[in-house]
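K.L.:
The structure that follows is given in the form of structure tokens.
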Amino acid sequence: MRVIGLMSGTSYDAIDAAAAELRLVDDRLALRPLGMVSEPYDAGLRAALAAALPPGTCSLAQVCRLDTRIGQAFAAAAVRADRELCGGRAELVASHGQTVYHWAEAGRVHGTLQLGQPAWIAEATGLPVVADFRPRDIAAGGQGAPLVSLVDLLWLRGRPGTPVALNIGGIANLTAPDGTAFDTGPGCALLDAAAREFGDGRQSYDAEGALAARGTVRPELLGRLLAEPYYALPPPKTTGKELFHAGHLRRALSGLGALPAEDVLATLTRLTAETVADAVRRVGGTEVIASGGGTRNPVLMRMLRERLAGVAVRTSDELGLPADAKEAYAFAVLGFLTVHGLPGTVPASTGARRASVLGSVTPGRLGLRLPRAARRAPERLVVEGPGAERPGLERSEVQQQEAR
């Protein structure tokens, strides 16, 4: 089945659309990456979204407009991915949507809201769409995140030692082999906030860590930031820009005088490296497989490697999944599992009472024609094609087993 996974993370800069060919073969799920396209939000929509996110406020009218406009933007990305990556032969779209609020209090998650009305995607592509992945896990008592944990566990199973999957987006999260998974804290969220606060209005992030590279870490500011109680909470736990936003940074800076932008960025980069490294050590990681936009920040990756001396830190590119597209591929997998009647969560990762089949399905142009339910859940994910470190099933083997 050719599936398009759509993802826009907490940095809300662009919609990533990754296409994959997915097949169940005995106890394995084979994934062949078909590529990724990325569609930046237009400036007006991005500004409207930024204004609506916490700590900002918005009306229901604004929520309705955002839901429609984000849905239309996701639809355009899906149409492009189908045309350019699948030759017009995609069969399913899995859309994460745009998270605008994650309702977490006292260690519990009570609700979550992702915008991007899937009807626009179904209408534009003619394909069925799986969306709203997170609420079902929350209804079962889970955190609704990190949902990529199931994919990480299937993908890294069998690697030696204690491999840890790490994603550094606006928020950073990890998954350990025993199923422990949680948000470690800010990935690039505070870095992006600082770039906007100290910039000229045209810079939304610290490109390649250039500002941080020229700065000096300020111990007093770092100490204030590390005192945030979230870091001491036990997993499972999740967070978001409801906590780690510009106001959080302003409070930490209060009373410290005018610090150079470069020093603030250097300190925030160290904060991300410190909190991620602490989380990796907490789960006993011996290898880190990193993905997400933060991996493109060489200063952050250098600081992380320094803090994890003796632990191999690699990117998911080395194992066949592009770091920029890994989450989009993960949601393609989750959508595939949903239409085959298979759970998409790991209770040990999210804290839910049970594993759940995720999402809601919007029918395509031909109505709702789901594939036959799978007889068994996969125990392993095998990435095929160039760049995959462990190809697992070769193409001929897959074809032989499918022919049986």
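The values are calculated or read from the model by the stated rules, or taken from the named source; none is laboratory data. What you are looking at is a predicted structure, and each value in this text was computed from that prediction instead of being measured. Glycine gets a Cβ as well: all are built from the backbone with ideal geometry, and neighbour counts include every protein chain shown. Heavy atoms of the whole protein, side chains included, go into the accessibility calculation; ligands, DNA and RNA do not. Shrake-Rupley method; radii C 1.70, N 1.55, O 1.52, S 1.80 Å.
K.L.:
Taking the chain as the reference, fit the longest principal axis to its C-alpha atoms, fit the long axis of helix 43-52 to the helix C-alpha atoms, and give the angle between the two in degrees, 0 to 90, nearest 10.
P.N.:
Here the helix axis deviates by roughly 70 degrees.
K.L.:
Taking the highest mean first, how do the peptides 323-330, 220-227, 79-86, 137-144 order by number of other beta carbon atoms within 10 angstrom per residue?
P.N.:
Per-residue Cβ counts within 10 Å, averaged per peptide and sorted highest first, yield 323-330, 137-144, 79-86, 220-227.
K.L.:
Rounded to two decimals, what is the ratio between the C-alpha radius of gyration of the chain and 2.2 N^0.38 Å?
P.N.:
On the way: Rg = 20.4 Å, N = 404, 2.2 N^0.38 = 21.5 Å.
It is 0.95.
K.L.:
In whole Å, what three semi-axes, largest first, describe the equivalent ellipsoid of segment 1-131 built from its Cα gyration tensor (square root of 5 times each eigenvalue)?
P.N.:
Working: eigenvalues 156, 66, 30 Å².
After scaling each eigenvalue by five and taking roots: 28, 18, 12 Å.
K.L.:
Report the local net charge at LEU265: Lys and Arg +1, Asp and Glu -1, summed over other residues whose C-beta lies under 9 Å from its C-beta. All intermediate terms of the calculation are to be shown ahead of the outcome.
P.N.:
Working: positive: ARG214; negative: ASP206, GLU262, ASP263.
The answer is -2.
K.L.:
A follow-up question, please. Kindly provide the Kirkwood hydrodynamic radius of segment 276-347 in Å, to one decimal, from all pairs of distinct alpha carbon atoms. All intermediate terms of the calculation are to be shown ahead of the outcome.
P.N.:
Values: mean 1/r = 0.0723 Å⁻¹.
After inverting the pairwise mean of 1/r, the radius is 13.8 Å.
K.L.:
Rounded to the nearest percent, how much of the accessible area of segment 249-395 (1.4 Å probe, protein heavy atoms only) is carbon and sulfur?
P.N.:
Details: 3160 of 6210 Å².
Carbon and sulfur together cover 51 percent of it.
K.L.:
Would you mind getting me the FRET efficiency between THR216 and GLU379? Use the beta-carbon distance for r and R0 = 60 Å, nearest 0.05. Present the calculation step by step, with values, prior to reporting the outcome.
P.N.:
Numbers: r = 49 Å, r/R0 = 0.81.
Plugging the Cβ-Cβ distance into 1/(1 + (r/R0)^6) gives 0.80.
K.L.:
Explain nothing, just the number: dipole magnitude of segment 58-212 about its Cα centre with +1 on each Lys and Arg Cβ and -1 on each Asp and Glu Cβ, in debye rounded to the nearest 20. Can you show the working numbers first?
P.N.:
Numbers: 12 positive and 16 negative charges, 56 e Å.
Approximately 260 debye in magnitude.
K.L.:
Mind checking the dipole of the chain: about its Cα centre, +1 per Lys or Arg Cβ, -1 per Asp or Glu Cβ, Debye to the nearest 20? Please list the in-between numbers first.
P.N.:
Numbers: 44 positive and 42 negative charges, 149 e Å.
With Lys and Arg at +1 and Asp and Glu at -1, about 720 debye.
K.L.:
Throw me the Rg/Rh for segment 146-292, computed over C-alpha atoms with Kirkwood Rh, two decimals. Don't skip to the answer; put the middle values down first.
P.N.:
Details: Rg = 15.8 Å, Rh = 15.9 Å.
With Rh from the inverse mean 1/r over Cα pairs, Rg/Rh is 1.00.
K.L.:
Tell me, what is the FRET efficiency for MET1 and ARG196 to the nearest 0.05, using R0 = 35 angstrom and their Cβ-Cβ distance as r?
P.N.:
On the way: r = 40 Å, r/R0 = 1.16.
Efficiency, from the Cβ-Cβ distance: 0.30.
K.L.:
Roughly what would the spin-label model give for ARG281 and SER254, points 7 Å off Cα along C-beta, in nm?
P.N.:
Reported label-point gap for ARG281 and SER254 is 3.0 nm.
K.L.:
Could you estimate the translational diffusion coefficient of segment 231-362 from the Stokes-Einstein equation, with Rh from the Kirkwood formula over C-alpha pairs, at 10 °C and 1.306 mPa s, in whole µm²/s?
P.N.:
Details: Rh = 17.7 Å.
The diffusion coefficient I find is 90 µm²/s.
K.L.:
Using only Cα atoms, locate the centre of segment 14-35 and the centre of segment 125-184, then give the distance between them in Å, rounded to an integer.
P.N.:
Distance between centres, Cα-based: 16 Å.
K.L.:
Okay, helix-only estimate at 222 nm for the chain: each DSSP H run of n ≥ 4 adds -39500 (n - 2.57), divide by all residues, round to 500 deg cm²/dmol; what do you get?
P.N.:
Values: 14 runs with 147 residues, N = 404.
Calculated from helices alone, the mean residue ellipticity at 222 nm is -11000 deg cm²/dmol.
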